[in-house]
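> Okay, here's the structure, questions in a sec.
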Amino acid sequence: MAMLKTRREASTATLEPVGVLYGCPGKELERIVAFSQAVDVPAGRTLYEQGRIPLDFMLVESGHAAVVVGGRKVADIGPGETIGEMGVLDHAPRSATVVARTPMRVRLVDAHDVDALMEAAPTFARAL
């Protein structure tokens, strides 16, 4: 039992600095952990491809990614940012391709869980 608590504390601690989670109460962070999956992404991996239907979005814990539109880099994404949430919320195709520039650690939220997550974590929902 103590092992699970330690893991949960470690997981929620990694979420605290994420910009959209700033100010979320601990209970909401726990709910976000419950609705998401931690994923390690190698450098060079394409996270999202422009024009594709969104199936999930990500909260970046560590690492950096490049946002590319029409073959041109338009932005960098790093810790404390989200990737792909607009396509999921708007039910619209991906507006950009996103490629990991460095190894990354992200929390993946499935599109099917978004409504339940928004209800369970209203502070997070308002920040998005």
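The values are calculated or read from the model by the stated rules, or taken from the named source; none is laboratory data. These numbers come from a predicted model, not from an experiment. Glycine gets a Cβ as well: all are built from the backbone with ideal geometry, and neighbour counts include every protein chain shown.
> Go through segment 54-96 and tell me which strands (runs of 3 or more DSSP E), entirely inside it, have 2 or more residues that are at pLDDT 95 or above. I'd like the intermediate steps shown before the answer.
Values: elements: 56-62, 65-69, 72-77.
The strands (runs of 3 or more DSSP E) meeting that bar are 65-69, 72-77.
> For segment 18-50, give me each residue that is buried (at least 20 other Cβ atoms within 10 Å of the Cβ), within 19 Å of Arg101 (Cβ to Cβ) and of a type outside the set (Val, Ile, Thr).
The answer is Leu47, Tyr48.
> Here's something else I'd like to know. Does segment 66-74 contain any residue that is out of contact with any Ser or Thr (no Cβ under 9 Å at 6 or more places or on another chain), within 27 Å of Pro122 (Cβ to Cβ) and touching a residue at least 12 places away in the same chain (Cβ under 8 Å)?
For segment 66-74, residues out of contact with any Ser or Thr (no Cβ under 9 Å at 6 or more places or on another chain), within 27 Å of Pro122 (Cβ to Cβ) and touching a residue at least 12 places away in the same chain (Cβ under 8 Å): absent.
> Could I ask something else about it? Determine whether Ala111 is touching a residue at least 12 places away in the same chain (Cβ under 8 Å), more than 13 Å from the chain's Cα centre (by Cα) and surrounded by fewer than 19 Cβ atoms within 10 Å (Cβ to Cβ).
On the way: touching a residue at least 12 places away in the same chain (Cβ under 8 Å): yes; more than 13 Å from the chain's Cα centre (by Cα): no; surrounded by fewer than 19 Cβ atoms within 10 Å (Cβ to Cβ): yes.
Against the criterion (touching a residue at least 12 places away in the same chain (Cβ under 8 Å), more than 13 Å from the chain's Cα centre (by Cα) and surrounded by fewer than 19 Cβ atoms within 10 Å (Cβ to Cβ)), Ala111 does not qualify.
> Could I ask something else about it? Among the candidates Ala116, Ala125, single out the residue that is in a helix (DSSP H, G or I) and in contact with an Asp or Glu (Cβ under 9 Å, 6 or more places away or on another chain).
Values: Ala116 fails: in contact with an Asp or Glu (Cβ under 9 Å, 6 or more places away or on another chain).
The conditions single out Ala125.
> If you don't mind, another one. Just a yes or no: is a residue in segment 81-92 in contact with an Asp or Glu (Cβ under 8 Å, 6 or more places away or on another chain), surrounded by fewer than 19 Cβ atoms within 10 Å (Cβ to Cβ) and within 30 Å of Pro25 (Cβ to Cβ)?
The initial filter retains those residues of segment 81-92 that are in contact with an Asp or Glu (Cβ under 8 Å, 6 or more places away or on another chain), namely 84, 88.
Next, only the ones that are surrounded by fewer than 19 Cβ atoms within 10 Å (Cβ to Cβ) stay: none.
For segment 81-92, residues in contact with an Asp or Glu (Cβ under 8 Å, 6 or more places away or on another chain), surrounded by fewer than 19 Cβ atoms within 10 Å (Cβ to Cβ) and within 30 Å of Pro25 (Cβ to Cβ): absent.
> Another one. Quickly run through segment 55-80 and pick out the residues that are surrounded by fewer than 19 Cβ atoms within 10 Å (Cβ to Cβ), of a type outside the set (A, V, I, L, M, F, W, C) and under 16 Å from Ser36 (Cα atoms).
First pass over segment 55-80, keeping only residues surrounded by fewer than 19 Cβ atoms within 10 Å (Cβ to Cβ): 55, 62, 64, 66, 68-76, 78-80.
After this cut, where a residue has to be of a type outside the set (A, V, I, L, M, F, W, C) as well, the list is 62, 64, 70-73, 76, 78-80.
Once the filter is applied, which keeps residues that are surrounded by fewer than 19 Cβ atoms within 10 Å (Cβ to Cβ), of a type outside the set (A, V, I, L, M, F, W, C) and under 16 Å from Ser36 (Cα atoms), segment 55-80 yields Ser62, Gly80.
> Scan segment 22-44 for residues that are within 25 Å of Ser95 (Cβ to Cβ) and out of contact with any Pro (no Cβ under 9 Å at 6 or more places or on another chain) and jot them down.
Correct list: Tyr22, Ile32, Phe35, Ser36, Gln37, Val39, Gly44.
> If you don't mind, there's one more thing I want to ask. Taking segment 97-115, which residues are in contact with a Phe, Trp or Tyr (Cβ under 7 Å, 6 or more places away or on another chain) and farther than 15 Å from Gln37 by Cβ?
Taking segment 97-115 as the starting set, the residues that turn out to be in contact with a Phe, Trp or Tyr (Cβ under 7 Å, 6 or more places away or on another chain) are 97-98, 109, 113.
Listed by number, the residues that qualify are Thr97, Val98.
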